[in-house]
Amino acid sequence: MSVKLKVCGVTRPQDLAACAELGVDAVGINLWSGSRRGLTLAAAEALLAEVRPPPGLELVGVFVEPTAEEVRRAAEVLQLDLVQIVGAQEVTGFGLPYLWVVRGTPALAELRAPTPRPARALLDAAVPGYGGAGQTTDWGWAAAAVQRLAPLEVWLAGGITPANAALAIQQVRPAGLDVASGTELPGARRGEKDRAAIERLLAACRGD
């Protein structure tokens with residue numbers, strides 16, 4: 001099966017350009033200062049002024065416990081397609097198209113899309129803090145969650161690398177993969193991306 005790919009935590013123009021050139025489906029811009037991949041709004045604006053994502057490359061803003069004004073301002077300035085909010089307001093998206101993040105493995109019987117309805121769901125591992133630990137979630141549970149939430153589009157995150165992406169797709173059958181650390185150069189300090197890793201992930205997503 002062919003699935004989509006989001007490269008999260010893009011911080012450099014050359015990495016954004018590589019995503020555009022290779023045909024990545026979405027990129028995530030982290031706007032949380034507590035992340036090593038975090039950018040200020042001004043830095044994100046400068047990045048996108050240098051390399052503007054072409055049509056078809058979805059731009060996702062990632063926030064942690066922001067105010068509504070911070071989200072709306074970033075969405076306007078950066079022309080975001082979606083927002084991904086972690087924290088107290090993560091369900092609402094502040095009235096904007098949003099990703100619903102499901103962390104861990106809540107009971108499937110109680111797993112229902114919130115209102116307002118999200119653009120898609122993102123299944124991630126339950127880790128201390130706000131993610132980014134490179135830890136996989138339970139793929140057996142995730143496969144069942146994909147079926148449970150249908151027809152909502154469900155993506156998979158957490159610990160995905162070029163080495164395990166094909167297996168994740170085979171076992172979970174998500175609509176897309178969301179990858180941060182698995183796209184990075186060894187020892188990356190600010191989220192610097194590895195073009196070869198992105199190429200391998202895309203090959204897995206496309207079934208090559």
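The values are calculated or read from the model by the stated rules, or taken from the named source; none is laboratory data. Remember, predicted model here, so these are calculated numbers, not experimental data. Using ideal geometry, Cβ is built from the backbone for each residue, glycine included, and neighbour counts are taken over all protein chains shown.
Things worth noting here:
- Region 134-163, subset assigned to a loop (DSSP other than H, G, I, E, B) and over 17 Å from the mean Cα position of the chain (by Cα), residue nearest to Ala196 (Cα to Cα): Ala163
- Condition check for Arg200: charged (D, E, K, R) and outside any helix (DSSP H, G or I): no
- Test: residue in region 135-142 that is surrounded by 15 or more Cβ atoms within 10 Å (Cβ to Cβ), touching a Lys or Arg at 6+ places or on another chain (Cβ under 7 Å), at pLDDT below 95 and closer than 30 Å to Leu22 by Cα: no
- Per-region count, region 32-89, residues modelled with pLDDT of 95 or more and polar (S, T, N, Q): 2
- Among the candidates Gly23, Gly38, residue that is at positive phi and out of contact with any Cys (no Cβ under 7 Å at 6 or more places or on another chain): Gly23
- Filter pass, Ala126 being over 18 Å from Asp15 (Cβ atoms) and in a loop (DSSP other than H, G, I, E, B): yes
- Positions within region 46-69 being loosely packed, with under 15 Cβ neighbours inside 10 Å and within 19 Å of the chain's Cα centre (by Cα), in sequence order: Arg52, Pro54, Pro55, Gly56, Glu65
- Looking only at region 16-42, and only at residues there that are assigned to a helix (DSSP H, G or I) and without any contact (Cβ under 8 Å) to a residue 12 or more places away in the chain, the one that is surrounded by the fewest Cβ atoms within 10 Å (Cβ to Cβ): Ala42
- The one condition in (1) under 15 Å from the mean Cα position of the chain (by Cα); (2) more than 21 Å from Cys19 (Cβ to Cβ) that Gln84 fails to fulfil: (2)
- Residue that is hydroxyl-bearing (Ser, Thr, Tyr), surrounded by 17 or more Cβ atoms within 10 Å (Cβ to Cβ) and over 25 Å from Ala44 (Cβ atoms), where the choices are Thr161, Thr183: Thr161
- Qualifying residue in region 109-119 (condition: touching a helix residue (DSSP H, G or I) at 6+ places or on another chain (Cβ under 9 Å), surrounded by 17 or more Cβ atoms within 10 Å (Cβ to Cβ) and free of Cβ contacts under 8 Å to residues at least 40 places away in the same chain): yes
- Members of region 165-176 that are touching a strand residue (DSSP E or B) at 6+ places or on another chain (Cβ under 9 Å) and either assigned to a helix (DSSP H, G or I) or closer than 15 Å to Gln135 by Cβ (or both): Ala165, Ala168, Ile169, Val172
- Test: residue in region 4-15 that is aliphatic (A, V, I, L, M), within 27 Å of Ala166 (Cα to Cα) and in a strand (DSSP E or B): yes
- Cross-chain or 6+ apart pairs with Cβ under 6 Å, region 79-91 first and in a loop (DSSP other than H, G, I, E, B), then at pLDDT 95 or above: Leu80/Leu59; Leu80/Gly61; Asp81/Glu58; Asp81/Leu59
- Considering region 177-194, and only residues there that are small (Gly, Ala, Ser) and part of a loop (DSSP other than H, G, I, E, B), the residue that is farthest from the chain's Cα centre (by Cα) turns out to be Gly187.
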